[in-house]
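The values are calculated or read from the model by the stated rules, or taken from the named source; none is laboratory data. Every value quoted in this text rests on a predicted model; they were computed, and no experiment measured them. With ideal geometry, Cβ positions are generated from the backbone for all residues, glycine too; neighbour counts draw on all protein chains shown.
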Amino acid sequence: MKLTIIAMEIPYPPIHGGRVDIWRRIEAFKMLGVETQLVCWKAEEPKASDLVKLQDSVNDLQLLDFTGKTFSSFLRRGVDLLQNPLGITSRRLTQEAFDQLSDDVRCFQPDLLLIDGIHAAVLAQQLSVKLNIPYIVRSHNIEHQHRDALFRAATGKQKLSAFLTVRNLKALEFSTLQNALAFFDISVDDLAFWKEEGFENGYFLPPLAHLASQAPQSKVDSETFDLVFLGNLYTDNNVEGIRWFLTDVVPLIQAQKPDLSVLIAGSKPRQSIRELCDRIDGVTLHINPESAAEIYNSGQVLVNPIAVGGGVSIKSIDMLATHKPIVSLDKGIYGLPDSVKSLFYLASDAPSFASRVLDCFSESLTDPEKAQRHQLIDEAFGLPQVALLVQQLQDILARDRSSH
């Protein structure tokens, strides 16, 4: 099978959940013998080492530039915003670039186009029409609901861009899924939503956990911190979750454990996060860590205090693989299979979150319990899930071809 993956951003390095989902699937496709062409947008030229990794993992790589910042492109985007969300207007190709890309995709001769991220949808559908190649969709969220939640959580200058991102998004999302040969949802809960909306072409496809053969080795073999959070430190929902955790939850734990040590790790922290971490005793900030495995291994208890978002939390899946106790709000288990939800300590407010953390300090899993957990995670988020996807794609494609 040959797939052309059209991703809304370059997936390597996989520095956040959306990229992680795309990248691990690309690597799984390679392991299963699926030939892939990757088309994606880049904000800047990738490092040489990153480019080598990308080219080694796909059979063909096409990197696209975002819309330029000239006066004419600014005017075109303004007109485009009347009908399309902001993320589409920044990814428009010139006619010359589109014609060249069309030739490159035609030469690759894919069986299917795979839309990975809603803002890749317009380009993918244009290619689908021109080349007469059906497309499928990887649904990461109920995008219009997710972006609307981010808009409501946004403050200051982020408010306008969040509004322009969600504007016209619902119509785009509905039409994209309706015209797809099939869509594969990251979340069992989101898939149920689409079924209630009348969509019958949806399938569940969980994100992959780290494959055992590819899991990064950690140099950390001791638990330096009592509590660890890892995630981006700049989106409004994450910033609000961390603020709530540090100001409302941590003092309650410190009342019982004055020597509490907390690690907040992630990319591009806002100034408010920097100041908050600096102000609270026992809190350490680690910016742009190179290894998620080392961050997780340095903590006794892992926390996910994020209350707003869409789709599935990739960090929740990766935390499960550490066999460490995890305290989370309900959002952290949203969309996950029922088989793994019982592995989390769930909280609903600051007092219950603090209480669950304190309970976790006395948890110790036996080797058989760790083995059982590993089996559950592998069954829910392992390579067999992508092997099933490949079989489903072959069946879907065969039915489509036989109907014409």
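Yes/no matrix, rows are residues, columns are (1) modelled with pLDDT under 95; (2) touching a strand residue (DSSP E or B) at 6+ places or on another chain (Cβ under 7 Å):
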site	(1), (2)
R147	yes, no
A153	yes, no
A162	yes, no
E173	no, no
L177	no, yes
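Taking the criterion of being buried (at least 16 other Cβ atoms within 10 Å of the Cβ), in contact with a Lys or Arg (Cβ under 8 Å, 6 or more places away or on another chain) and assigned to a loop (DSSP other than H, G, I, E, B), the only residue of region 91-109 that qualifies is R92. Whether a residue is surrounded by fewer than 21 Cβ atoms within 10 Å (Cβ to Cβ) and hydrophobic (A, V, I, L, M, F, W, C) was assessed, and A180 does not pass this test. Restricting attention to region 224-241, does a residue exist that is of a type in the set (D, E), modelled with pLDDT under 95 and under 26 Å from the mean Cα position of the chain (by Cα)? The answer is yes; a qualifying residue exists.
Of all the criteria given as (1) modelled with pLDDT under 95; (2) within 22 Å of the chain's Cα centre (by Cα), the one not satisfied by S298 is (2).
Any residue in region 44-54 that is free of Cβ contacts under 8 Å to residues at least 24 places away in the same chain and under 24 Å from T176 (Cα atoms)? Scanning region 44-54, I find no residue that is free of Cβ contacts under 8 Å to residues at least 24 places away in the same chain and under 24 Å from T176 (Cα atoms), so the answer is no. Of the residues that make up region 231-242, is at least one crowded, with 20+ Cβ neighbours inside 10 Å, assigned to a loop (DSSP other than H, G, I, E, B) and among the small types (G, A, S)? Yes. Flag set for R25, criterion: of a type outside the set (F, W, Y) and not in a loop (DSSP other than H, G, I, E, B). Taking region 322-376 as the range and being within 30 Å of D259 (Cα to Cα) and among the basic types (K, R) as the test, the residues that pass are K324, K331, R356, K370. Those helices (runs of 4 or more DSSP H) of region 271-359 in which at least 2 residues are among the β-branched types (V, I, T), considering only elements entirely within it, cover 314-320.
For region 299-317: of the residues being of a type outside the set (A, V, I, L, M) and surrounded by 22 or more Cβ atoms within 10 Å (Cβ to Cβ), which is nearest to F225 (Cα to Cα)? Can you show your working first?
The first filter runs over region 299-317 and keeps only residues of a type outside the set (A, V, I, L, M), leaving 299-300, 304-305, 309-311, 313, 315-316.
Then keep just the ones that are surrounded by 22 or more Cβ atoms within 10 Å (Cβ to Cβ); that gives 299, 304-305, 310-311, 313, 315-316.
Details: G299: 5, N304: 15, P305: 17, G310: 29, G311: 29, S313: 23, K315: 18, S316: 19 Å.
Taking the candidates together, the pick is G299.
Among the residues of region 78-86, are any in contact with a Phe, Trp or Tyr (Cβ under 9 Å, 6 or more places away or on another chain), in a helix (DSSP H, G or I) and of a type outside the set (D, E, K, R)? Looking for residues that are in contact with a Phe, Trp or Tyr (Cβ under 9 Å, 6 or more places away or on another chain), in a helix (DSSP H, G or I) and of a type outside the set (D, E, K, R), one finds at least one in region 78-86, hence yes. One residue stands out in region 366-404 among those that are of a type in the set (G, A, S) and in a helix (DSSP H, G or I): the one that is surrounded by the fewest Cβ atoms within 10 Å (Cβ to Cβ), namely S402. The set of residues in region 78-128 being farther than 20 Å from L393 by Cβ and polar (S, T, N, Q) consists of Q83, N84, T89, S90, T94, Q95, Q100, S102, Q126.
Counting residues in region 23-46 that are surrounded by 16 or more Cβ atoms within 10 Å (Cβ to Cβ) and more than 30 Å from D395 (Cβ to Cβ) gives one or more. If the condition is being more than 21 Å from the chain's Cα centre (by Cα) and of a type in the set (G, A, S), then region 45-74 contributes A48, S49, G68, S72, S73.
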